[in-house]
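> Before I ask anything, here is the structure I am working with.
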Amino acid sequence: MALIVGLCTIELVIPEANSLKDKRSVLKSMLEGMRSRFNISAAEVEHMDVWRRATVGIACVSNSQTFIDQVLNKVIEWVESNPRVNVTDVQVEFL
């Protein structure tokens, strides 16, 4: 049985954040939406004390790389469609 882990990091700019409270409000909503819609694990992993920047880490586990690729692509599209954030970089890797 194959176990494949897909990892994705998404770097964000949050233009409307004028405090850490503003940033965390945007991120909390986005992370909860990702988890409930796509059944993935997600968390802020870098730039935790910077108001307008964030890096989100996403993990998905399956026995099919094709399935993980589809899920991560949908998550990326969903994040890019969020008007409250600007995506500056996306990286995907498989383990």
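> Can you name the residue in the stretch 71-89 that is part of a loop (DSSP other than H, G, I, E, B) and out of contact with any helix residue (DSSP H, G or I) (no Cβ under 8 Å at 6 or more places or on another chain) and, of all such residues, is most open to solvent (accessible area, probe 1.4 Å)?
By that ranking, first place goes to P83.
> Among the residues of the stretch 68-82, what is the count of those that are under 11 Å from the mean Cα position of the chain (by Cα) and within 30 Å of S19 (Cβ to Cβ)?
Summing the residues that are under 11 Å from the mean Cα position of the chain (by Cα) and within 30 Å of S19 (Cβ to Cβ) in the stretch 68-82 gives 6.
> Can you work out which of the residues in the stretch 54-67 that are more than 14 Å from the chain's Cα centre (by Cα) and either closer than 22 Å to E32 by Cβ or touching a residue at least 12 places away in the same chain (Cβ under 8 Å) (or both) is least open to solvent (accessible area, probe 1.4 Å)?
Out of the qualifying residues, it is S62.
> If I ask for residues that are open to solvent by 60 Å² or more (accessible area, probe 1.4 Å) and either of a type outside the set (D, E, K, R) or in a strand (DSSP E or B) (or both), which ones from the stretch 1-23 would you list?
The answer is M1, L3, P15, N18.
> Only residues in the stretch 29-48 that are touching a residue at least 24 places away in the same chain (Cβ under 8 Å) and under 18 Å from I68 (Cβ atoms) count as the first member; pair them with residues that are open to solvent by 40 Å² or more (accessible area, probe 1.4 Å) and of a type in the set (A, V, I, L, M, F, W, C), Cβ under 8 angstrom, at least 6 apart or cross-chain, and list the lot.
Here the result reads M34/W78; R37/W78; F38/W78, each pair linking the stretch 29-48 to a residue that is open to solvent by 40 Å² or more (accessible area, probe 1.4 Å) and of a type in the set (A, V, I, L, M, F, W, C).
> Determine whether the stretch 33-53 contains at least one residue that is assigned to a helix (DSSP H, G or I), loosely packed, with under 15 Cβ neighbours inside 10 Å and acidic (D, E).
No, the conditions are met nowhere in the stretch 33-53.
The values are calculated or read from the model by the stated rules, or taken from the named source; none is laboratory data. Just so it is clear, the model here is predicted, and its values are computed rather than measured. We place every Cβ from the backbone using ideal geometry, glycine too, and count neighbours over all the protein chains shown. Only protein heavy atoms, including side chains, enter the accessible area calculation; ligands, DNA and RNA are left aside. Shrake-Rupley method; radii C 1.70, N 1.55, O 1.52, S 1.80 Å.
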